[in-house]
Amino acid sequence: MKNAKLKIGLIAVASLGMMWGGAAVAAEKRCTAGGQKVECPTVTEEEAKKASAAFLKEGDDMEQGKGGSTYGIAPFDYLTGVGKRSNSDTKTFKTDSGYGSAAKGSLKTELWDRVKAPASDGVTDKSVYDQWTNNWSPKFGATLVAGADPNHGKTYYYSYCIACHGWLMHGDGPSASELNPRPRTLTRGEYMQKKTNLELFTVIKGGGEAVSLSSSMPNWGNVLQDQDIWDIIAFIRAMQDVPPPTSVEAYLNPKSTFKPIKGDVDALTAANNKDFKEVQEMIESDMTGRAPGSELVGGGFVEGGNRHKPSDVATKVKH
């Protein structure tokens, strides 16, 4: 392996972690961006607790059939991602969650807007996979990461990342208050503009320990394929410096400040990028189930679902 020093360093960190325990590693508050030590952007402990309480209240309200939002954006709550619609005025707090409604069918959430039988409704392509994420979320016509689709990235982010990082990446997920250190705020421009795609890929696939940070960030390499990770990175880039929305319109039309970092690797260039290949080898060597003959597939592109090859991503690259 070419990156032997990095590998040895990670082994040393892991050994110290076993000696000191996970708490000592988790207490580390600083991280790197662009190769320099920086203070990791996180919400305050009070903000994390408030977000957790709001999430529980939102769930309780929804079960009781109440509309509105704990975050003040009627008829949508961006913490849970559930849209609350009515047949009349959808711009006031006089909405219903769709649950517990006496008037059957008169009030509904976005859940009722999914296509039940795609073929009969004229929907035959793979976009049916994204019904849930596209009904009440931004839809991007451009990407900031070549070969990666932020629209697909939303699907995986919403499935695996919101519990900690929050629906809009502000580090205010319902589990954030239970973690130390708290999850990163992935929208903070002065921090994220320095984080390379390579750094983001490494920490998502290999977990926090792959970059000498907290094990609270799990390694997703046995759950997500490489292209899924690239798509998540594209979604993260599309949300840089996007504030908490003040309206549904603002929520559906985020404006990112991210500018692609010169010389950074992306989904199109990864296969031939020296630094990426070294990181990939390092991560794969530490993952379970990668022995010859295993059913688990390592790095590279894997067909399935709505996944596109980097060269086939339809969204245009925006610089």
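The values are calculated or read from the model by the stated rules, or taken from the named source; none is laboratory data. Being a predicted model, the structure only gives us computed values, none of them experimental. Note that each Cβ is placed from the backbone with ideal geometry, even for glycine, and that neighbours are counted across all protein chains shown.
Within the stretch 49-73, residues that are β-branched (Val, Ile, Thr) reach partners that are modelled with pLDDT of 75 or more and in a helix (DSSP H, G or I) with beta carbons closer than 6 Å, at six or more positions or on different chains, in the pairs Thr70/Ala54; Thr70/Lys57; Thr70/Glu58. Scanning the stretch 306-319 for residues that are surrounded by fewer than 18 Cβ atoms within 10 Å (Cβ to Cβ), aliphatic (A, V, I, L, M) and part of a loop (DSSP other than H, G, I, E, B) yields one hit, Ala314. If you go through the stretch 240-262 and keep only what is closer than 20 Å to Asp149 by Cα and either buried (at least 19 other Cβ atoms within 10 Å of the Cβ) or not charged (D, E, K, R) (or both), you end up with Gln240, Val242, Tyr251, Leu252, Asn253, Pro254, Ser256, Thr257, Phe258, Pro260, Ile261.
Report, by residue number, each residue of the stretch 137-149 that is under 16 Å from the mean Cα position of the chain (by Cα), of a type outside the set (Val, Ile, Thr) and either modelled with pLDDT of 95 or more or over 30 Å from Ile261 (Cβ atoms) (or both).
Leu144, Ala148
Being in contact with a Lys or Arg (Cβ under 8 Å, 6 or more places away or on another chain), modelled with pLDDT of 90 or more and surrounded by fewer than 17 Cβ atoms within 10 Å (Cβ to Cβ) is the filter here, so list the residues in the stretch 34-55 that pass it. Passing the criteria: only Glu45. Does Lys309 satisfy the criteria of being more than 18 Å from Ile229 (Cα to Cα) and at pLDDT 80 or above? No; evaluated as a whole, the condition is false for this residue. Flag: Ala267 matches the condition of being buried (at least 21 other Cβ atoms within 10 Å of the Cβ), part of a loop (DSSP other than H, G, I, E, B) and aliphatic (A, V, I, L, M).
The number of residues in the stretch 189-198 that are out of contact with any Cys (no Cβ under 9 Å at 6 or more places or on another chain) and surrounded by fewer than 21 Cβ atoms within 10 Å (Cβ to Cβ) comes to 6. Out of Glu284, Glu303, Glu278, Glu249, I need the residue that is over 17 Å from the mean Cα position of the chain (by Cα), assigned to a helix (DSSP H, G or I), modelled with pLDDT under 90 and more than 24 Å from Gly141 (Cβ to Cβ). Which one? Step by step, each of Glu284, Glu303, Glu278, Glu249 is checked, and only Glu284 is over 17 Å from the mean Cα position of the chain (by Cα), assigned to a helix (DSSP H, G or I), modelled with pLDDT under 90 and more than 24 Å from Gly141 (Cβ to Cβ). Here Asp228 fulfils each of the conditions (1) assigned to a loop (DSSP other than H, G, I, E, B); (2) more than 18 Å from Arg188 (Cα to Cα); (3) modelled with pLDDT of 90 or more apart from (1).
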